[in-house]
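Trainee: The structure that follows is given in the form of structure tokens.
The values are calculated or read from the model by the stated rules, or taken from the named source; none is laboratory data. None of these values were measured; they are calculated from a predicted model. Note that each Cβ is placed from the backbone with ideal geometry, even for glycine, and that neighbours are counted across all protein chains shown.
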Amino acid sequence: MFQDELTRQEREKKRIAVIFAALGASVLGVLFFVQSFPQPFWLWAVFALAFVFFEWNAVEVNEKLFASPSIMVMMTAAVAFGPESAVLGTATMAAMAILTPADVRERRWFQPSVNFGQLVTSAAVSIGLLAFLMARIGGSVDPWTVSTSTVGLIALAAGLAAVVDGIVNLSLVSFIVRRVYGGGMNAWSHMVQLVVPYVGMGFLGGLLGATYLLVGPASLPLIAIVFFTGYMAFESYAGLREAQLSTLAGFIKALEAKDLYTRGHTERVAYFSNMIGQHLGFNGTQLERLRWAALIHDVGKLAVPREVIRKKSRLTESEYEEMQGHVHHVEDLLSEVEFLRPMVEIASNHHAHFDGNGYHGSSGDSGHTPSLEARILAVADSFDAMTSTRSYRVALSQEYAFAELRRFAGTQFDPEIVEAFVEVLTASGEQYGSPVEISEDEARRRAEHGFGDISNTARMKYDPSTQRADRRPSESEEPEARRG
Amino acid sequence: MAEVRLRTLSIVAWIGLLIGAVAFTASGLGQTNGSVLDWFVPVLVWATAITVVSIITVPAPSGSRLSLGIGAAVAASILTTDHATLGAAICLALAATGVVERNLSTTLNRTDGDFLTDGVGMATYAMAYLVVYQALSERHTLDPSWTVVVGVAVAGTLWFVVRALVAAFVGLERSDLAGRYLWLLALEDWAVVVSIFAAGTLFGLTWPLMGAWALAVAILPYAFGHLAFERYHSTRVTYGQTIRALAQIPEVAGLAPSGHSTRTADLAVAIAQEMGLHPNQVVELEYAALMHDVGRITLNEPAIVKAGYTDEDIARWGSQIIAEAPYLEHVSSLVAQQHRPYRSPGVEMDPDVPIASKIIKVASAYDDARTAMGLSPIESLERIHQGYAYEYDPHIGSSLRRVLVFRGEITF
């Protein structure tokens with residue numbers, strides 16, 4: 001049954017690839033007859049290089065917006081090429097961008113062939129529209145002239161053409177997805193998000209094209225410099241952000257690893273929290289905040305003497321105080337770090353109970369329900385604590401931990417989050433904790449008799465360095481809207 | 001002392017600017033055939049434009065904030081028709097900027113040093129541009145647009161060099177930093193600078209051809225970079241904060257003396273800057289110094305304390321922890337070598353010990369002597385001197401002495 005579906009997909013993919021390759025080839029063929037290639041050749045080469053560069057390297061402006069200036073390069077090039085060669089020039093530029101280094105490395109054939117068809121077609125349609133509009137703007141005598149009075153109109157036309165490019169592009173992509181994978185994607189909701197960046201980029205592209213026509217080639221190095229430095233700055237910003245996350249995560253992991261009993265705890269809690277957050281429909285920013293909070297939630301514990309954490313017997317009053325102090329250590333340590341402040345607030349409340357009891361951080365109000373993120377963290381933290389081996393007892397089973405979570409739902413834990421977690425973890429098929437049923441008394445007795453086998457703790461699934469993957473376009477064969 | 005001297009210099013420069021404005025106005029009015037008003041309106045317009053744009057600043061990699069005023073000055077140099085107009089406009093704008101910065105110095109975060117640096121820079125640029133442009137256009141070798149681009153490129157390069165020199169000079173006046181360090185620091189800013197110059201040139205070239213749209217052509221593309229530079233800067237600040245916070249874990253746990261890592265880092269950075277290390281090296285040194293005792297978190301384990309440990313163990317454990325964080329491999333190796341002596345019997349100087357590690361060793365030992373042993377600054381310095389045989393590099397010891405003298409902790 002499943003196998004049938006796969007062979008059907010393969011057949012459909014081949015058909016679609018052939019159709020799109022033929023579509024692209026015939027569009028280019030027709031254009032070669034009706035238009036001439038841009039002159040001089042180096043002008044086309046410069047724009048094609050810039051276009052391919054930006055197709056391969058999208059700039060992440062923020063979590064929601066991947067701006068790719070390639071649509072802007074296309075509009076600038078179209079205006080600069082002039083009426084005789086705008087459509088052919090840009091369509092051939094688009095054809096240059098279909099093979100990415102990853103495609104070549106992994107010998108993919110499907111994505112490049114459909115991209116060839118859809119990029120060439122969308123470029124031809126949108127630049128055809130731009131040429132039509134520019135002829136109207138310039139008047140019949142000299143259709144491609146630029147003057148002070150027409151610059152704004154040209155830019156507007158380019159903005160419109162960019163949106164059309166996006167619409168054609170997305171329609172073709174969603175057509176492919178529907179045919180090959182069935183179901184499909186909501187192309188229009190994507191487009192609504194992209195309208196503003198597309199109009200903006202297209203508008204700017206039109207302006208820069210007009211600049212080229214008015215000033216001449218001397219404007220090209222200036223434009224290139226501004227964009228290249230901007231791109232470099234965004235790259236170093238993104239790199240530094242990445243470095244910051246992985247430094248914090250790696251550091252905490254290394255510190256934690258000094259203690260066999262807590263090894264991997266933070267990463268698993270971050271993994272579980274992320275799971276719950278995704279299930280509850282958190283957006284990228286919220287998820288990121290939750291992950292950070294999970295990563296730092298036990299930093300304070302690193303500052304608690306090991307004897308107290310490891311103690312097999314019941315803690316004395318002062319030891320208990322010290323243990324709870326780790327919530328404050330988090331605040332002492334990390335409240336100086338500006339961007340972590342909201343996460344520190346969440347982390348410091350992870351021992352606060354749903355009904356307002358429990359141990360609140362200095363930001364939490366005793367007697368009040370902690371924030372949603374803190375409640376998620378509490379469930380994830382308790383679950384991992386129960387399903388891993390501690391100094392005073394061996395790991396409990398997953399079922400036992402679920403039952404415990406449910407028992408305290410409504411008092412210690414938020415019932416909705418407990419149910420969400422049980423549901424999503426069960427659906428994932430992952431299994432944590434002891435493989436056999438074991439009572440808590442039995443678990444404690446075994447630990448006393450030296451059965452606290454550390455190697456039996458839960459398996460690791462979470463890798464913070466790849467956690468950004470969920471926001472990146474997937475590397476699967478699924479064709480994605482390029483230039484998004 | 002130095003602050004007073006910079007202030008005096010600024011006031012002298014400010015008076016010079018006023019005299020310059022009057023002189024240029026006189027010369028301009030002598031040449032013009034039209035009315036006084038006709039000549040003076042463009043001067044006022046450009047002076048206002050440059051002043052307003054000067055208030056906007058962008059954080060550069062060196063840590064200082066660059067004023068965008070030079071971008072407006074580039075546009076003015078392209079668009080004004082005679083030397084006197086440009087000269088008068090720039091003199092007036094700089095003088096006005098000085099007044100604005102004086103009154104808003106806290107909000108704008110600009111100092112007398114910045115005023116001097118930007119002033120000298122802008123004046124140099126304007127003169128150089130006029131000379132180069134004149135020379136190029138007399139020969140008619142290039143078309144007009146390229147003449148402008150080449151003129152701006154040459155004058156801009158000169159501006160960059162002069163500005164870096166002045167920034168180094170001003171920095172020397174201000175503190176105990178090595179000129180080499182400041183010069184390298186100013187050179188770090190080239191990407192921001194190139195971007196501002198290109199935007200100004202674009203405006204100058206497009207304004208006569210497309211009017212107000214020139215504003216969009218110049219500002220929109222630049223705005224992307226501006227945003228990125230701002231973000232980069234704020235991320236760098238919080239990255240430093242993160243490392244500072246993580247470095248304090250052993251201290252909060254009571255396993256290392258409180259405040260030791262911060263004090264060691266401050267002193268180590270001061271020594272490195274005094275010795276003229278490359279700015280990038282100084283940043284790494286700062287991180288390494290902050291985290292040099294992070295291996296002490298291992299002492300949380302009673303069994304390890306019972307078994308005994310050495311400084312080398314602390315260094316190794318620390319470097320192992322730091323090595324877990326990607327991008328900090330080099331910092332990790334600096335921490336790993338912080339305990340190593342700078343030479344061994346029969347070897348004059350061990351070339352394998354990085355200078356940053358040697359600096360951390362000295363700074364940490366000095367702070368231990370000051371706080372853990374409670375010695376006076378001069379006694380602590382003497383302990384470093386006593387270690388010249390193998391432990392502490394004498395070059396770093398004498399740099400430490402100069403830093404302490406500058407800070408007024410010891411008199412010499």
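Trainee: Got a number for residues in region A:226-282 being closer than 20 Å to B:I321 by Cβ and among the aromatic types (F, W, Y)?
Mentor: Residues that pass the stated criteria total 2.
Trainee: Tally the residues that are more than 7 Å from chain B (Cβ to nearest Cβ) and either at pLDDT below 90 or surrounded by fewer than 23 Cβ atoms within 10 Å (Cβ to Cβ) (or both), restricting the search to region A:208-220.
Mentor: So the count comes out to 4.
Trainee: Next question, about the same structure. Go through region B:306-352 and report how many residues are closer than 20 Å to B:V294 by Cβ, surrounded by fewer than 23 Cβ atoms within 10 Å (Cβ to Cβ) and among the polar types (S, T, N, Q).
Mentor: Adding up the residues that qualify gives 5.
Trainee: Let me ask another. Take region B:45-74 and flag every residue that is in a strand (DSSP E or B) and more than 20 Å from B:I90 (Cβ to Cβ). Before the answer, list the steps.
Mentor: Step one: list which residues in region B:45-74 are in a strand (DSSP E or B), which gives B:57-59, B:65-67.
If the condition is that a residue be in a strand (DSSP E or B) and more than 20 Å from B:I90 (Cβ to Cβ), then B:V58, B:P59, B:R65 are the ones that fit.
Trainee: Looking at (1) surrounded by 21 or more Cβ atoms within 10 Å (Cβ to Cβ); (2) in contact with a Pro (Cβ under 8 Å, 6 or more places away or on another chain); (3) of a type in the set (A, V, I, L, M), which is the one condition that is false for B:L79?
Mentor: (1)
Trainee: Could you tell me whether region A:228-247 includes any residue that is more than 17 Å from the chain's Cα centre (by Cα) and either closer than 30 Å to B:G254 by Cβ or away from chain B (no Cβ under 12 Å) (or both)? Talk me through it step by step, then tell me what you get.
Mentor: The initial filter retains those residues of region A:228-247 that are more than 17 Å from the chain's Cα centre (by Cα), namely A:228-233, A:236, A:247.
Filter once more, so that each one left must be either closer than 30 Å to B:G254 by Cβ or away from chain B (no Cβ under 12 Å) (or both): A:247.
The answer is yes; a qualifying residue exists.
Trainee: Can you go through A:A395, A:A347 and tell me which one is buried (at least 22 other Cβ atoms within 10 Å of the Cβ), in a helix (DSSP H, G or I) and touching a residue at least 40 places away in the same chain (Cβ under 8 Å)?
Mentor: Values: A:A395 fails: in a helix (DSSP H, G or I).
Being buried (at least 22 other Cβ atoms within 10 Å of the Cβ), in a helix (DSSP H, G or I) and touching a residue at least 40 places away in the same chain (Cβ under 8 Å) holds for just one of A:A395, A:A347, which is A:A347.
Trainee: Kindly indicate which of B:I355, B:I359, B:I378 is among the β-branched types (V, I, T), modelled with pLDDT of 90 or more and crowded, with 22+ Cβ neighbours inside 10 Å.
Mentor: Values: B:I355 fails: crowded, with 22+ Cβ neighbours inside 10 Å; B:I378 fails: crowded, with 22+ Cβ neighbours inside 10 Å.
When all the criteria are applied, what remains is B:I359.
Trainee: I would also like to ask the following. Report yes if B:T85 is of a type in the set (S, T, N, Q), outside any loop (DSSP other than H, G, I, E, B) and more than 22 Å from B:H226 (Cβ to Cβ), otherwise no. Spell out the reasoning first.
Mentor: On the way: of a type in the set (S, T, N, Q): yes; outside any loop (DSSP other than H, G, I, E, B): yes; more than 22 Å from B:H226 (Cβ to Cβ): yes.
Yes; evaluated as a whole, the condition is true for this residue.
Trainee: From the list B:G113, B:G69, B:G63, B:G98, which one is among the small types (G, A, S), in the same structural domain as B:W159 (by TED's automatic domain parsing) and at positive phi?
Mentor: On the way: B:G113 fails: at positive phi; B:G69 fails: at positive phi; B:G98 fails: at positive phi.
B:G63 is the lone residue from the list that is among the small types (G, A, S), in the same structural domain as B:W159 (by TED's automatic domain parsing) and at positive phi.
Trainee: Also, I was wondering about something else. Just checking, does region B:382-394 include any residue being at pLDDT 90 or above and of a type in the set (A, V, I, L, M, F, W, C)?
Mentor: yes
Trainee: So B:T264 clears everything in (1) within 14 Å of chain A (Cβ to nearest Cβ); (2) in a helix (DSSP H, G or I) except one condition, right? Which one?
Mentor: Among (1) within 14 Å of chain A (Cβ to nearest Cβ); (2) in a helix (DSSP H, G or I), B:T264 violates only (1).
Trainee: Can you tell me which condition A:A254 does not meet? The list is (1) of a type outside the set (S, T, Y); (2) in contact (Cβ under 8 Å) with a residue 40 or more places away in the chain; (3) not assigned by TED's automatic domain parsing to the domain that holds A:W144, and all the others hold.
Mentor: The one condition A:A254 does not meet is (2).
Trainee: For region A:257-286, enumerate the residues that are of a type in the set (A, V, I, L, M) and either crowded, with 22+ Cβ neighbours inside 10 Å or not assigned by TED's automatic domain parsing to the domain that holds A:A420 (or both). Step through it out loud before you land on a result.
Mentor: As a first pass, look at region A:257-286 and keep what is of a type in the set (A, V, I, L, M): A:257, A:260, A:269-270, A:275-276, A:280.
Result: A:V269, A:A270, A:I276.
Trainee: Tell me whether region B:321-332 contains one or more residues that are within 8 Å of chain A (Cβ to nearest Cβ), in contact with a Lys or Arg (Cβ under 7 Å, 6 or more places away or on another chain), farther than 30 Å from B:A389 by Cβ and not in a loop (DSSP other than H, G, I, E, B).
Mentor: Scanning region B:321-332 turns up no residue that is within 8 Å of chain A (Cβ to nearest Cβ), in contact with a Lys or Arg (Cβ under 7 Å, 6 or more places away or on another chain), farther than 30 Å from B:A389 by Cβ and not in a loop (DSSP other than H, G, I, E, B).
Trainee: Turning to a different aspect of this structure: Tell me yes or no: at least one residue of region B:46-53 is in contact with a Gly (Cβ under 8 Å, 6 or more places away or on another chain) and free of Cβ contacts under 8 Å to residues at least 40 places away in the same chain.
Mentor: First, pick out the residues of region B:46-53 that are in contact with a Gly (Cβ under 8 Å, 6 or more places away or on another chain): B:50-51, B:53.
This time we only want the ones that are free of Cβ contacts under 8 Å to residues at least 40 places away in the same chain, so: B:53.
Within region B:46-53, one or more residues are in contact with a Gly (Cβ under 8 Å, 6 or more places away or on another chain) and free of Cβ contacts under 8 Å to residues at least 40 places away in the same chain.
Trainee: Tell me which of these B:M349 doesn't satisfy, since it passes every other one: (1) more than 30 Å from B:L172 (Cβ to Cβ); (2) touching an Asp or Glu at 6+ places or on another chain (Cβ under 9 Å); (3) not β-branched (V, I, T).
Mentor: Unmet for B:M349, out of (1) more than 30 Å from B:L172 (Cβ to Cβ); (2) touching an Asp or Glu at 6+ places or on another chain (Cβ under 9 Å); (3) not β-branched (V, I, T): (1).
Trainee: Can you tell me which residue is modelled with the lowest pLDDT among those in region A:296-330 that are within 29 Å of the chain's Cα centre (by Cα) and within 11 Å of chain B (Cβ to nearest Cβ)?
Mentor: Taking region A:296-330 first, the residues within 29 Å of the chain's Cα centre (by Cα) are A:296-299, A:330.
The next check asks that each one be within 11 Å of chain B (Cβ to nearest Cβ); those that pass are A:296, A:299, A:330.
On the way: A:I296: 85, A:V299: 80, A:V330: 76.
For region A:296-330, the residue satisfying everything is A:V330.
Trainee: Quick one: which helices (runs of 4 or more DSSP H) sit completely within region B:144-258 and have at least 1 residues that are facing chain A (nearest Cβ under 7 Å)?
Mentor: On the way: elements: B:144-174, B:179-187, B:190-210, B:213-247, B:249-252.
Those helices (runs of 4 or more DSSP H) span B:144-174, B:190-210, B:213-247, B:249-252.
Trainee: Still on this structure, I have one more. A:K14: at pLDDT 85 or above, of a type in the set (K, R) and assigned by TED's automatic domain parsing to the domain that holds A:L133, yes or no? Steps first, answer last, please.
Mentor: Working: at pLDDT 85 or above: yes; of a type in the set (K, R): yes; assigned by TED's automatic domain parsing to the domain that holds A:L133: yes.
Yes, satisfied.
Trainee: Next question, about the same structure. Go through region A:393-438 residue by residue and tally those that are out of contact with any Ser or Thr (no Cβ under 8 Å at 6 or more places or on another chain) and among the hydroxyl-bearing types (S, T, Y).
Mentor: Of the residues in that region, 3 qualify.
Trainee: Evaluate the following for B:R296: is it assigned by TED's automatic domain parsing to the domain that holds B:S399, basic (K, R) and over 22 Å from B:L400 (Cα atoms)?
Mentor: Numbers: assigned by TED's automatic domain parsing to the domain that holds B:S399: yes; basic (K, R): yes; over 22 Å from B:L400 (Cα atoms): yes.
When the stated conditions are applied, B:R296 passes them.
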